[in-house]
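Participant: Here it is, the structure, as structure tokens.
The values are calculated or read from the model by the stated rules, or taken from the named source; none is laboratory data. Quick caveat: nothing in here was measured; it's all calculated off a predicted structure. Every residue, glycine as well, gets a Cβ built from its backbone with ideal geometry; the counts of neighbours run over all protein chains shown. Note: accessible area is taken over every heavy atom of the protein model, side chains too, but ligands, DNA and RNA are not part of it. Shrake-Rupley method; radii C 1.70, N 1.55, O 1.52, S 1.80 Å.
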Amino acid sequence: MALFEERFSALREEKKATQKAVGDVLGISDRAIRFYEIGKRRPDFDGLLALADYFDVSIDYLVGRTDKREVNR
């Protein structure tokens with residue numbers, strides 16, 4: 001299973017979103033996003049929810065607990 005920083009970085013690149021664009025969605029700096037991608041920081045619960053919604057994946061996928069992207073709604 002992939003680590004959060006690997007999944008996050010891959011999803012951001014797949015969506016062709018800049019670090020600044022993702023930071024704007026979360027209301028944080030692009031520097032904080034860089035720290036997420038290199039594993040120095042992790043988002044809080046609200047941040048995880050926002051990222052999962054932004055990338056349209058489940059939180060379990062985002063944090064590497066499953067390889068299934070589907071969101072149960």
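Participant: What's the extension gain from SER29 to ALA10 if we count 0.36 nm per residue and subtract their Cα-Cα distance?
Facilitator: Once the chain is fully extended between SER29 and ALA10, it gains 4.9 nm.
Participant: Taking all protein chains in place and a 1.4 Å probe, what share, in percent, of the accessible surface of the chain do carbon and sulfur account for? Walk me through the numbers before you get to the answer.
Facilitator: Details: 2250 of 4770 Å².
On the chain, the fraction of accessible area on carbon and sulfur atoms equals 47 percent.
Participant: Which of rounded, prolate or oblate describes the stretch 34-73 when judged by the alpha-carbon gyration tensor and an a/c cut-off of 1.5?
Facilitator: prolate
Participant: Helix 4-14 versus the longest principal axis of the chain: what is the Cα-based angle in degrees, 0 to 90, to the nearest 10?
Facilitator: 80 degrees
Participant: Under 5 Å between amide H atoms, partner at least 5 residues away or on a different chain: which partners does THR66 have, H built in plane at 1.01 Å?
Facilitator: TYR61
Participant: Taking springs between alpha-carbon atoms closer than 10 angstrom, which of PHE35, PHE55, PHE45 fluctuates most in the Gaussian network model of the chain?
Facilitator: For the chain, modelled as a Gaussian network with Cα springs under 10 Å, the answer is PHE45.
Participant: Go ahead and estimate [θ] at 222 nm for the chain from helices alone: -39,500 (n - 2.57) per DSSP H run with n ≥ 4, summed, over the residue count, rounded to 500.
Facilitator: So the calculated ellipticity at 222 nm is -16500 deg cm²/dmol.
Participant: While we're on this one: Can you tell me the dipole magnitude for the chain around its Cα centre, using point charges on the Cβ only (Lys, Arg +1; Asp, Glu -1), in Debye to the nearest 20?
Facilitator: It works out to roughly 160 debye.
Participant: Each residue of the stretch 24-31 in turn: what ³J(HN,Hα) in whole Hz from Karplus with 6.51, -1.76, 1.60 and θ = phi - 60°, glycine and Pro shown as x?
Facilitator: Running phi through 6.51 cos²θ - 1.76 cosθ + 1.60 with θ = phi - 60° gives 4, 4, 8, x, 10, 7, 5, 5 Hz.
Participant: A follow-up question, please. Explain nothing, just the number: relative contact order of the chain, from Cα pairs under 8 Å at least 6 residues apart, as a whole percent.
Facilitator: 36 percent
Participant: Accessible area per residue, 1.4 Å probe, Å², for the chain: what's the number?
Facilitator: Values: 4770 Å² over 73 residues.
Result: 65 Å² per residue.
Participant: Keeping all protein chains in place and using 1.4 angstrom, which order do LEU3, LEU26, LEU51 fall into by accessible surface area, from largest down?
Facilitator: Result of the area sort, largest leading: LEU3, LEU26, LEU51.
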